[in-house]
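In what follows, a single structure is set out as structure tokens and then discussed.
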Ligand code: 5GP
Ligand code: MG
Ligand code: MG
């Protein structure tokens, strides 16, 4: 992990490297484009803030293979206090446009308990989307227990709190190019 950066000393280990993310994003975009070859356009709904980096790279990758892409963002809050999902979802930023009849691809950073996504899928369906698929860069083992149809998954990772590539700890570490686990000492500050 980038020597000389302010965060180099905070990293315990890298889980997914920048190169792995790039290759996987391209692979996922190819699959999504092939599966939606008949669609007039795809409406990507990125879930802020965590999916920011993946949304940008995934949209560019789709640009090489796919139908035209439009970008929308939502911000939801699912965590009350602490680091586990509460299942209570609050909309912090809603869609700017009508999605009725659209082919929607939800772009997520990580599916952990799946509670946020499960709520979001119901919400998007209630807004009349024609089709809804999910692409997530990361998935934790917990998610397997939720009856959720996550069609495109980048990497299955262990049950650990990760940061980087959009994912934060206390709003920091989002700018890391890799996905990594922090040293325990970081949480004791
Ligand atoms: P879920 O509802 O599936 O438990 O998780 C919802 C959101 O919690 C994710 O989209 C992500 O923003 C955040 N989250 C879950 N696991 C992690 C993690 O390991 N690290 C970080 N930084 N955020 C996480
Ligand atoms: Mg997310
Ligand atoms: Mg966060």
**Message:** Looking at the structure I just gave you, is residue 48 within 11 Å of ligand 2 (Cβ to nearest atom), surrounded by fewer than 20 Cβ atoms within 10 Å (Cβ to Cβ) and at pLDDT 95 or above?
**Reply:** yes
**Request:** Filter segment 117-128 for residues that are surrounded by fewer than 22 Cβ atoms within 10 Å (Cβ to Cβ) and within 18 Å of residue 73 (Cβ to Cβ) and give the result.
**Result:** 119, 120, 121, 123, 124, 127
**Request:** Return yes or no: is residue 74 farther than 19 Å from residue 154 by Cβ, buried (at least 17 other Cβ atoms within 10 Å of the Cβ) and within 20 Å of the chain's Cα centre (by Cα)?
**Result:** yes
**Item:** Within segment 158-182, tally of residues that are assigned to a loop (DSSP other than H, G, I, E, B) and within 16 Å of ligand 3 (Cβ to nearest atom)
**Value:** 11
**Message:** Which condition from (1) under 25 Å from residue 62 (Cα atoms); (2) surrounded by 15 or more Cβ atoms within 10 Å (Cβ to Cβ) is the one that residue 98 breaks?
**Reply:** (2)
**Asked** Has segment 95-107 got at least one residue that is within 16 Å of ligand 2 (Cβ to nearest atom) and under 27 Å from residue 169 (Cβ atoms)?
**Response** yes
**Message:** Please verify whether residue 140 is modelled with pLDDT under 95, within 16 Å of ligand 3 (Cβ to nearest atom) and closer than 21 Å to residue 46 by Cα, treating the condition exactly as stated.
**Reply:** yes
**Request:** Give the residue, chosen from 113, 118, 77, that is in contact with a strand residue (DSSP E or B) (Cβ under 9 Å, 6 or more places away or on another chain), within 13 Å of ligand 2 (Cβ to nearest atom) and modelled with pLDDT under 95.
**Result:** 77
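The values are calculated or read from the model by the stated rules, or taken from the named source; none is laboratory data. This structure is a prediction, so every number in the text was calculated from the model and none was measured. Every residue, glycine among them, receives a Cβ derived from its backbone with ideal geometry; neighbour counts consider all protein chains shown.
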